[in-house]
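Here's the structure, in structure tokens; my notes come after.
Any read-out appearing in this document is the output of simple, stated calculations on the displayed coordinates, not a laboratory observation. Because the structure is a prediction, the values reported are computed rather than measured. Here the Cβ positions follow ideal geometry from the backbone for every residue, glycine too, while neighbour counts run over all protein chains shown.
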Amino acid sequence: MVSFCQNSTEKTNITSYRSNVNNVLSWINSNSAAGTVSNQTVVHSSNHDDDVYGYYDCRGDITGSFCQFCLTTAVNDITQRCPNGVTAMIWYDICIVGYANQYFPGKVTLTPSWNLTGSKSVKDSTDLGKAVNYMRYLIGKVTTKANNHWAMGEFNWSDNEKSYAWVQCSRDISKDGCRQCLETMLDKVPKCCGTKVKWAVVSPSCGMEIDNNKFYQLQTGSSSPLPNRET
């Protein structure tokens with residue numbers, strides 16, 4: 001789990017803004033409880049100075065009670081971690097929640113970004129290239145297939161050990177915006193994560209992850225398993 005909180009004394013002292021933040025977070029809880037896995041809203045103030053925009057999204061393979069539980073946990077945590085935030089977001093492995101005082105739907109948001117890595121290192125120097133190439137393959141899938149904002153699949157390291165990969169974009173951005181976001185995250189990998197067999201790089205608009213343990217599930221109605229692609 002990673003989080004971001006931006007404070008401002010100008011906003012945090014305004015009762016109407018804090019009230020609107022609370023209304024957005026309450027809306028996320030109630031909307032997700034109805035079974036919606038991704039949505040966005042705005043709570044307006046009379047002069048629009050204290051408008052709050054909120055959003056949430058679950059990983060593409062996560063639905064139902066798992067999605068709702070993650071979002072409920074995220075709302076509780078974002079309240080505790082960022083009690084006076086003007087802009088805040090929190091990312092878990094299977095969901096993201098955020099709010100801001102500026103309009104963002106449809107915009108590609110690349111910052112803040114986070115990277116997480118495991119402790120185990122790859123065994124061969126060519127494995128970074130294998131991971132990057134497979135991620136490019138998934139980026140191609142998710143940015144060319146209509147009505148698809150996520151993709152996942154598996155590939156083999158140089159020692160034939162399997163690795164599992166996932167990419168996803170926010171559902172409100174264009175295919176071009178999705179590609180821009182994912183390629184920007186992928187460009188960070190060689191410096192932050194390329195020597196590890198487990199890593200994730202995420203931003204508000206997109207994310208990607210690789211793990212030697214299968215962390216996703218393929219459900220009825222979701223995408224078929226992507227083919228193993230040798231690089």
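The alpha-carbon atoms of the range 2-100, seen along their principal axes, cover 39, 26, 16 angstrom, with the largest extent given first.
What do you get for the angle between helix 127-144 and the principal long axis of the chain? Use alpha-carbon atoms, 0 to 90 degrees, nearest ten. The angle comes out near 60 degrees.
Springs join every pair of Cα atoms under 10 Å in this Gaussian network model of the chain, and among ASN31, ASN22, ASN147 the largest mean-square fluctuation is at ASN147. Expressed per residue, the C-alpha convex hull volume of the chain stands at 120 Å³. Rounded to the nearest 10 degrees, the inclination of helix 64-81 to the longest alpha-carbon principal axis of the chain is 60 degrees.
Here is the P(r) of the range 114-211: all C-alpha pair distances, binned every 5 Å from 0, give 3, 15, 28, 25, 17, 9, 4, 1 in whole percents. Taking the centroid of alpha carbons for each part, the range 19-52 and the range 125-197 are 31 Å apart. If you keep only loop residues by DSSP, which GluC sites (Glu not before Pro) in the range 106-189 have at most 14 other Cβ atoms within 10 Å of their Cβ? Here the sparse-neighbourhood loop sites are GLU161.
For the range 51-114, the fraction of alpha-carbon pairs lying more than 21 Å apart is 24 percent, rounded to a whole number.
A Gaussian network model of the chain, with springs between Cα atoms under 10 Å, assigns the largest mean-square fluctuation among ILE173, ILE139, ILE14 to ILE14. The trypsin sites (Lys or Arg not before Pro) of the range 1-108 that meet both conditions, a loop assignment by DSSP and at most 14 other Cβ atoms within 10 Å of the site Cβ, are LYS107. Computed over the chain with a Gaussian network model linking Cα atoms closer than 10 Å, the most mobile of CYS70, CYS58, CYS192 is CYS192.
On a 0 to 90° scale, report how tilted helix 15-33 is relative to the longest principal axis of the chain, with both axes built from alpha carbons and the result rounded to the nearest 10. Value to nearest ten degrees: 50. Straight-line cross-link reach from LYS145 at under 18 Å between alpha-carbon atoms covers these lysines, not counting any fewer than eight positions away in the same chain: LYS175.
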